[in-house]
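The next block holds one structure in the form of structure tokens; read it before the comments.
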Amino acid sequence: MKLKNVGIIGLGTYVPERIMTNFDFEKIIETSDEWIRSRTGIEERRFASEEQATSDLAAEAAKKAIKKSGISVEDIDMILLATTTPDYPIQSTACVVQELIGAVNAAALDVNAACSGFVYALTMAKGLISSGMNKNILVIGAEVLSKCVDMQDRNTCVLFGDGAAAAVVSEVEEGYGIISQFLGAEADTKGSLRTPAGGTRKPLSQEVLEERSNFLQMKGQDVFKFAVKALPKATIEALNGAGLEAEDINMVFPHQANSRIIDSASKRLGISMDKFYLNLNKYGNTSSASIGLALGEALEKGLVKKGDMIALTGFGAGLTYASMIIKWCY
Ligand code: UT7
């Protein structure tokens, strides 16, 4: 059986209107704009309104991606939604999005690979379409992290933001689309990035609420050490899979967690920083939305054109890491 070429035929993004600056954080916790900017590169991030859940952001991005792709919503036969911040513990957010956008012919499920989630979901979409099982898959990365981090914990709350990116994935012309991919995971034996309670290991209780363990906790330096190795490793694996060298890549879209991590990856890979697209100064770390948000912004600015070779690379809780090489097809 000849496998089909698979690529992204439409991409859309959405961020909530409310801007939360570093200076806003100075008013609620002991921090400073100088500390946040120099340690991370983040200046501001977007926060969802009280009424907005992850599915609302996802649906807005999805509508734009579908419009751009030129297909009709009824042609979507699968929704793969990458998120760590679902609307509900039970009922996938993908099913909520299916209803919100009217994708009546789509199966729907969530993918939780944290900040690698967008690349994980794109990889699954490629497998399903290349084998002929599906035709048009809507891949979404969406997060409302502002409701899942502890606003009293300065180690985490200043880092994250809310947003969504969506891609319509379909068969594309020969020679274009997703050329190669690499997915990896390794045990987080020290619990360096997880929400310890509120799941089945430690269900919500008065004690949990008092110790605030229903919020995300992170050992920043442990994650940093993992990230500076994982980002280049995943990218090299994907490059090898494509039979390409680092210099063949026009632009890299890394997970937007910390500009120092990206700087280190740039040096290890021998790819200059001007080929890495960064917008974490405006949005912070939006986990599974971050790579798509960066790609969407670059497309809007006309920085990615048909035929460009791009790399998407992420790492995150799990611990997971992932990379993908795409020859852009529109
Ligand atoms: O997408 C998920 C992946 N997550 C990441 O990639 C995060 C990876 N880690 C990092 O980006 C960095 O480790 C951080 C930005 C989280 C922290 O930077 P760091 O240079 O590793 O700082 P640190 O954790 O070693 O903390 C240094 C100091 C500490 O004070 P003492 O103990 O030296 O007195 C912290 O208490 O900075 C303090 N600190 C802060 N100060 C002001 C921690 N958070 C803040 C804050 N404002 N928000």
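The values are calculated or read from the model by the stated rules, or taken from the named source; none is laboratory data. Please read these numbers as outputs of a predicted model, since none were measured by experiment. Here the Cβ is made from the backbone with ideal geometry for all residues, glycine too, and neighbour counts use every protein chain on show. Remember, those area values only see protein heavy atoms, side chains included, never the ligands or the DNA or RNA. Shrake-Rupley method; radii C 1.70, N 1.55, O 1.52, S 1.80 Å.
Out of region 184-207, which residues are outside any loop (DSSP other than H, G, I, E, B) and either open to solvent by less than 70 Å² (accessible area, probe 1.4 Å) or assigned by TED's automatic domain parsing to the domain that holds residue 156 (or both)?
Answer for region 184-207, where residues must be outside any loop (DSSP other than H, G, I, E, B) and either open to solvent by less than 70 Å² (accessible area, probe 1.4 Å) or assigned by TED's automatic domain parsing to the domain that holds residue 156 (or both): 184, 193.
Restricting attention to helices (runs of 4 or more DSSP H) lying wholly within region 220-330, give those where 1 or more residues are among the basic types (Lys, Arg) and either surrounded by 20 or more Cβ atoms within 10 Å (Cβ to Cβ) or at pLDDT 95 or above (or both).
220-242, 259-269, 280-283
Looking at (1) open to solvent by less than 40 Å² (accessible area, probe 1.4 Å); (2) of a type outside the set (Lys, Arg); (3) within 16 Å of the ligand (Cβ to nearest atom), which one does residue 130 not meet, given that it meets all the others?
Looking at each condition in turn, residue 130 falls short on (3).
Whether any residue in region 11-21 is modelled with pLDDT of 95 or more, within 13 Å of the ligand (Cβ to nearest atom) and buried (at least 20 other Cβ atoms within 10 Å of the Cβ) is what I want to check.
No, every residue in region 11-21 fails to be modelled with pLDDT of 95 or more, within 13 Å of the ligand (Cβ to nearest atom) and buried (at least 20 other Cβ atoms within 10 Å of the Cβ).
Every residue, every condition in (1) part of a helix (DSSP H, G or I); (2) open to solvent by 40 Å² or more (accessible area, probe 1.4 Å); (3) within 16 Å of the ligand (Cβ to nearest atom), yes or no:
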site: 3; (1), (2), (3): no, yes, no
site: 24; (1), (2), (3): yes, yes, yes
site: 34; (1), (2), (3): yes, yes, yes
site: 56; (1), (2), (3): yes, yes, no
site: 66; (1), (2), (3): yes, no, no
site: 74; (1), (2), (3): yes, yes, no
site: 96; (1), (2), (3): yes, no, no
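Among the residues of region 233-261, write down those that are without any contact (Cβ under 8 Å) to a residue 60 or more places away in the chain and either in the same structural domain as residue 153 (by TED's automatic domain parsing) or within 14 Å of the ligand (Cβ to nearest atom) (or both).
Within region 233-261, 256, 261 qualify.
Which numbered condition trips up residue 277, out of (1) on the phi > 0 side of the Ramachandran plot; (2) under 17 Å from the mean Cα position of the chain (by Cα)?
Failing condition for residue 277: (1).
Contact list please: Cβ distance under 6 Å, first residue in region 158-170 and among the hydroxyl-bearing types (Ser, Thr, Tyr), second residue surrounded by fewer than 24 Cβ atoms within 10 Å (Cβ to Cβ) and part of a strand (DSSP E or B), pairs at least six apart or on different chains.
Listed pairs, sorted by first residue: 170/9.
Does at least one position in region 142-161 carry a residue that is loosely packed, with under 15 Cβ neighbours inside 10 Å, within 16 Å of the ligand (Cβ to nearest atom) and not assigned by TED's automatic domain parsing to the domain that holds residue 116?
The answer is no, given that none of the residues of region 142-161 is loosely packed, with under 15 Cβ neighbours inside 10 Å, within 16 Å of the ligand (Cβ to nearest atom) and not assigned by TED's automatic domain parsing to the domain that holds residue 116.
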